[in-house]
Amino acid sequence: MSELTKKLNNPLFKQGTIFSLCFFLFQLIEFTVNDRAGYVLGADAVDCVYSIGIAFTAFGLLSYPLLKKVLTDKSLKVFNLISVLLVLICSAFMLQSTNNSLFLFSAFSALFFMGNLSGRVYEETAFSLNTNKHKGLIIGSSMSIAVLLQYLVQNYLNKDLYVLCILFGLMFMIKPNTSKTEEGNQTLLEYKDELITIGIATVLMTMLISLIDGVVVQMHALGTLSVSSYSRLFYALSLLIAGYIADIKNRKYLSLITVCVLFASSISTAFISSPNTYFAATSFMYLYSGFYVIYFTITFMDIAVRLNNCSLWAGMGRVIRSLVTAFMVIPTVIIYKEFGTISLIIGSCILSVLILLILLKPISSSLYSFDNEGHHELFIDENIRDYGDNYHLTDREIEVLGKLLTTEDGVQEIADSLFISRRVLQRYISSIYEKTSTKSRIGLFKSFTEYSK
């Protein structure tokens, strides 16, 4: 029993549980809003409510870093408690109201404050799992469990009665701690190129998902298909697999496999044309959605912990996803009604190619690095980190140090592989030389060799 207690009190287990519950509640509220919108406003209004509601989630996520900057720890604690209560109250009104205005106000408010609470959870998860080698698997497992819980609730519980009870119990379980998380010490400029690449990739991936997402939401509202059917279990499975893949060789294959899986989007858009293949369409949609969600969640978290505004960037993938989805859903449905399935297939093919082009450079760099360094890479990394820590180098400086010591790449090649400008790289190199009391790359290598003896 004591061993079980120790496991339950493990900080990583607690943070994984909190993240899972947060993701579960986000999905549960989103699905319930859409279902109630169909009942209160009619099926034709569901896509519009979905678009606006998902945008409010993004606004809620963005409100958290703003509040963190202007509020004290005590005030932040009070606001967190208020947010929990407002989510519960707004959810209750949303579930019971048949008045159009009251329903919309309570639904959008619930999504906004759920977004605000999620901002804190994303930030704390990023820091808690920062150095854990199983970070991807923990996040993937947490999300997978959340999807399974949401599936059970949607299919086997009376939503009008039980959803509010579940919200009441779980919202207090995911209440964030009250202390402000320590920020990273690196500036946005240092990761500008990398953030731009990941940001554009996430936008394009979201556009790709939205091609079928809006159509599926509309069909669900009309009763043509169910987004809560057995096909949703493929979402839980893909989240788990993608999380496991993310941990292999420090994300080396995540981008490549995500791009490959996303090419299956044309299959799901083709299958949406017939009632006989609706299950296959939603199954494929959920399969590649899991990889996409893991990609933007983990890549932004990896960078966020190094920046001096982690509270903004930890959940930026979710923000981008929400805003782009809000913009895309209604136009996609209109295009589908006007031009049919072929328009979705063409759109998915074009977006898949664009995603590949955007990620081609980081994918090539990652695979090239593995092929040339192989299993020796981990041994060298351990020694380099020890050397860097001894001279108080930052995480980013240790990355540059690794390139200087283990490759013969020139300055521009190193800058390209790290997705930073030549000027920024030169600044890192100068700092490394100063801290290690060396004056050249050769001198740095000699210093490292002597230290490692």
Could you tell me how many of the residues in segment 94-110 are surrounded by 14 or more Cβ atoms within 10 Å (Cβ to Cβ), more than 22 Å from Ser322 (Cα to Cα) and either at pLDDT 90 or above or of a type in the set (Lys, Arg) (or both)?
1
Among the residues that make up segment 76-85, is at least one of them in contact with a Phe, Trp or Tyr (Cβ under 9 Å, 6 or more places away or on another chain), over 19 Å from Arg36 (Cα atoms) and among the β-branched types (Val, Ile, Thr)?
yes
Going through (1) at pLDDT 95 or above; (2) more than 27 Å from Gln154 (Cα to Cα) one by one, Ser238 fails only at (2)
Quick check: anything in segment 269-287 under 17 Å from the mean Cα position of the chain (by Cα), open to solvent by less than 60 Å² (accessible area, probe 1.4 Å) and at pLDDT below 85?
no
How many residues does segment 321-338 hold that are open to solvent by 30 Å² or more (accessible area, probe 1.4 Å) and in contact with a helix residue (DSSP H, G or I) (Cβ under 6 Å, 6 or more places away or on another chain)?
5
Taking Leu76 as the residue in question, decide whether it is in a helix (DSSP H, G or I) and open to solvent by 10 Å² or more (accessible area, probe 1.4 Å).
no
Within segment 219-239, which residues are crowded, with 19+ Cβ neighbours inside 10 Å and under 17 Å from the mean Cα position of the chain (by Cα)?
Tyr235, Ala236, Ser238, Leu239
Hey, does segment 221-229 have a residue that's in a helix (DSSP H, G or I), small (Gly, Ala, Ser), under 21 Å from Ser322 (Cβ atoms) and modelled with pLDDT under 90?
yes
Check on Ile257, open to solvent by 10 Å² or more (accessible area, probe 1.4 Å), of a type in the set (Val, Ile, Thr) and assigned to a helix (DSSP H, G or I):
yes
Name the one entry in Ser118, Ser97 that is of a type in the set (S, T, N, Q) and either touching a His at 6+ places or on another chain (Cβ under 6 Å) or more than 28 Å from Ser144 (Cβ to Cβ) (or both).
Ser97
Pairs with Cβ under 9 Å, 6+ apart, first in segment 104-118 and farther than 18 Å from Val78 by Cα, second part of a helix (DSSP H, G or I) and among the basic types (Lys, Arg)
Ala107/Arg36
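The values are calculated or read from the model by the stated rules, or taken from the named source; none is laboratory data. No experiment lies behind these values; they were computed from the predicted model shown. As a convention, Cβ positions derive from the backbone with ideal geometry for all residues, glycine included, and neighbour counts pool all protein chains shown. What goes into the accessible areas is simple: the full protein's heavy atoms, side chains included, and nothing from ligands, DNA or RNA. Shrake-Rupley method; radii C 1.70, N 1.55, O 1.52, S 1.80 Å.
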